[in-house]
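The structure under discussion appears below in the form of structure tokens.
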Amino acid sequence: MNNLKDTVALVTGASRGIGKGIAKGLAEKGATVYITGRTTVQDNEGSLLEGTINQTAKEVNNLGGKGIAVKCDHRNDEEVKAVFKKIEIEQGKLDILVNNVWAGYENIYKVKKPADYIFENNFWELPNKFWDNMFDVGLRSHFIASKLAVPLMLKNNDGLIVNISFYAGKTYISNVPYGVVKAGVDRLSKDMARELKVYGITAVSIYPGLVRTEGVMRNKDFIDLSNSESPLFIGRAVAALAEDNQVIERTGQILIAAELAKDYNFTDKDGSQPKSLRDVYLD
């Protein structure tokens, strides 16, 4: 069913991984999806993983949505402003913003020898750039995009802002900056919700589980994938929220994709419903 056929969405960082899955999940419901990212040509611009914004747009179109790829480095405020100006000119509104763009794993993908792996180093051993990458593209970018999205949502006094976060915001996982930035994302959702609720705009965080992204699958021989999720599963979670006329009741909350599947009765692409990792990380 094309329940979102008149819906305009922006998914940031959707060349691959969770962002791509979210774009496809919205496409299944017929949405128009703007897709941002830096990678437009495979193996160009130093990309270490498969996927481009143009490929994502094509897959969105194939699923019944309308995909519009827009090259954007979310470190560059002027490029981000241009994205929203384009949406305003072409659509006159924005219904859904998914803040997914993230650069926190770039150090992992660039590892060529054991000494290069610093993701689990003590905080005093980490270079300052490690912190900067996480916060510039994992928190500041969400704030800037949300600021620009709200005026477009206010046109209809309606809208949904989804910030992709993770359990590291609640418990220690791997390193200090990772936890602090994810906690910041969750607080951003909570505090934005406080100001936006009166205008009918919902803001939430979503925690995926173990997602079979391109990066994860590079190491599939060393990971237990028995309770993993496809990127599309997260997309279906976002689509379910977008279809919910009472979604404002969830505003400010931290939501877990696997639990939303139970609430809204959707499955992963293989028909499964992965288990929530709440007991693993939040016990």
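Just so you know, all these numbers are worked out from the coordinates, no wet-lab data involved. Computed from a predicted structure; not experimentally measured. All Cβ positions, glycine included, derive from the backbone under ideal geometry; neighbour counts span all protein chains shown.
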Going fewest to most other Cβ atoms within 10 Å around each Cβ, H142, H74 line up as H74, H142
Note: A183 to E79 extended length (0.36 nm per residue) minus current alpha-carbon separation gives 34.8 nm
Least to most buried among Y178, Y199, Y34, by other C-beta atoms within 10 Å and fewest first, runs Y199, Y178, Y34
Between E249 and N121, Cβ-based FRET efficiency (R0 35 Å, step 0.05) works out to 0.25
Fewest-first ordering of M192, M217 by Cβ atoms within 10 Å yields M217, M192
The value for the stretch 148-283 (convex hull of the alpha-carbon atoms, volume per residue, Å³) is 126 Å³
In nm², the average projected area of the convex hull spanned by the Cα atoms of the stretch 8-281 is 13.8 nm²
Extension length gain for V216 and I173 (0.36 nm per residue less Cα distance), in nm, is 13.8 nm
Rounded to one decimal in nm, the spacing of the 7 Å Cα→Cβ label points at N62 and T40 is 2.2 nm
So for the stretch 1-91, using the alpha carbon gyration tensor with a ≥ b ≥ c as root eigenvalues (a/c under 1.5 gives rounded; past that, a/b versus b/c decides prolate or oblate), I'd call it oblate
A student asked for the Cα radius of gyration and Dmax of the stretch 235-278 in angstrom ought to give 10.5, 31
